[in-house]
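Q: Below you will find the structure I want to go over with you.
The values are calculated or read from the model by the stated rules, or taken from the named source; none is laboratory data. Nothing here was measured: the structure is a model prediction, and the numbers come from that model. Cβ coordinates were reconstructed from backbone atoms using ideal geometry, including for glycine residues, and neighbour counts include every protein chain displayed. In case anyone asks, the SASA skips ligands and DNA or RNA and just uses the protein heavy atoms, side chains included. Shrake-Rupley method; radii C 1.70, N 1.55, O 1.52, S 1.80 Å.
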Amino acid sequence: MRIQEVMEKTGLSRRTIHYYIDQKMIIPPVNEGNGYHDFTEEDVQKLFIIRKLREAGLSLADIRAILCKPRTTPFYLHKQLNELQAQMLTIQKTISEMDRLTGQLPVCQSLDQLAGMLEETNFRPDASSRFPIESRDARLLAQYLWMAYLDTPVTEYQQFLWQKITQHTMEHAGTDLKTMSRYLQFISPEQIDATNINQYLRNQKIIALTEADYPAFVEELKTSLLAFASDPVQQEKWHLLYQPVIHPTALFCVSVSGWMREFHPAYRRYYENTHTCCRLLKDFMDSPEGAALNATLNKAFNGNCDVRTGYYGELEVAATFHKSIYALLSPEQIREFLGGLG
């Protein structure tokens, strides 16, 4: 279709459409016969999405990422919500302080007087008020934790289960999952997506395991855990994040695993295969043959690994730690994140 029709369908001006073409947001082919762009329905759809997301204040960079990877949309929307809420808090605080200031300083007699009044004025909200735990934070957390299993249309019963999972997440978002929720806000949507891809591939491998594959997978776990135990940087990250983030998240996942096993049959296979293999590994570690591995891992974990309450799943977390969301930051960045929690 020609640009005039595209303008009518999208509500965008000719100049704006050409701008998005220049920015490579859409790449319609040029008709060699007349030199005009030929737009497809997909181009129109993308332009519509761009217009609506721009109205919501998203940057072109974020919209470009969404167009490339639509599954990241919840994380970019959540990022924008946080930015808007931070702006709103700043505006509210500024209005409040200006109201107070104008009430106490009806007439400004000198710069000294103004400076003295401003010294007691803070137009920026406290850092703690920038992290309100609301339902959308719980939804983001639930989407992150279970994104690999949200890839198919859901039945009415599955929708009911998902509502229970989200509600349960909301109940924990302000307590034991509070730090994990803030951690997701601290890192970028691109980083979240990259680790989601890694986790998805790992999940698919575990889902496909048969009983005959268990011994080889257990050996793979041993190799990965020994690599973890020989890497002091990964261990430092683990120890920094274990109590505030890793362990509470693992326990929470166990608490909703019953609903998730009903929600998606692939999760049932993932859950059963993961915990069967990790249990086999723990049995080996408790045997005389596995004493050396047990001692090595005990030294590496230094008490920061719960293979009982968490149904052995933390061994899998440690085995894949270097590719996980927890390993994205340097130890210094993790300390900065934890220090800013207040």
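Q: Averaged per residue, what accessible surface does the chain expose to a 1.4 Å probe, in Å²?
A: Working: 18190 Å² over 342 residues.
Here the residues of the chain average 53 Å² of exposed surface.
Q: Of the candidates P248, P153, P265, which one comes out as most mobile in a Gaussian network treatment of the chain with C-alpha springs shorter than 10 Å?
A: Largest GNM mean-square fluctuation: P153.
Q: Treating each Cα of region 138-193 as an identical point scatterer and ignoring solvent, apply the Debye formula and state log10 I(q)/I(0) at q = 0.17, 0.21 Å⁻¹.
A: Once normalised to I(0) and log-transformed, intensities are -0.59, -0.83.
Q: Sort out the exposed loop trypsin sites (Lys or Arg not before Pro) in the chain (DSSP loop, at most 10 other Cβ within 10 Å) and tell me the longest stretch that has none.
A: Details: sites that count: K24, R308.
After excluding every exposed loop site, the longest remaining stretch is 25-307.
Q: For the chain, modelled as a GNM with alpha-carbon contacts under 10 angstrom, which of L60, L280, L111 fluctuates the most?
A: Among L60, L280, L111, the largest mean-square fluctuation in the Gaussian network model of the chain belongs to L111.
Q: Under 12 Å from the Cβ of N304, count the other residues' Cβ atoms, weight Lys and Arg +1, Asp and Glu -1, and hand me the total.
A: Every neighbour counted, the sum reads -1.
Q: A further question follows. Using a Debye calculation, one point per C-alpha and no hydration shell, please list log10 I(q)/I(0) for region 207-274 at q = 0.19 Å⁻¹ in order.
A: Taking Cα atoms of region 207-274 as identical point scatterers yields -0.97.
Q: Just reorder V30, V44 by solvent-accessible area, largest first, 1.4 Å probe, all chains present.
A: On the way: V30 80, V44 15 Å².
The ordering from most to least exposed comes out as V30, V44.
Q: Which of Y20, I165, L293 sits farthest toward the positive end of the charge dipole of the chain, with +1 on the Cβ of Lys and Arg and -1 on the Cβ of Asp and Glu?
A: Positive-most Cα among the choices belongs to Y20.
Q: Keeping the other protein chains in place, figure out the carbon and sulfur percent of the accessible area of the chain, with a 1.4 Å probe. Write down the numbers at each step before the final one.
A: Values: 9920 of 18190 Å².
Summing carbon and sulfur atoms, their accessible area is 55 percent of the total for the chain.
Q: Right, next: With the contact rule set at Cα under 8 Å and sequence spacing of 6 or more, what percent relative contact order holds for the chain?
A: Working: 270 pairs, mean separation 53.4, N = 342.
Relative contact order of the chain: 16 percent.
Q: Would you compute, for the Cα atoms of the chain, the largest minus smallest coordinate along each principal axis and list the three values in descending order, in whole Å?
A: Cα spread of the chain along its principal axes, largest to smallest: 80, 72, 40 Å.
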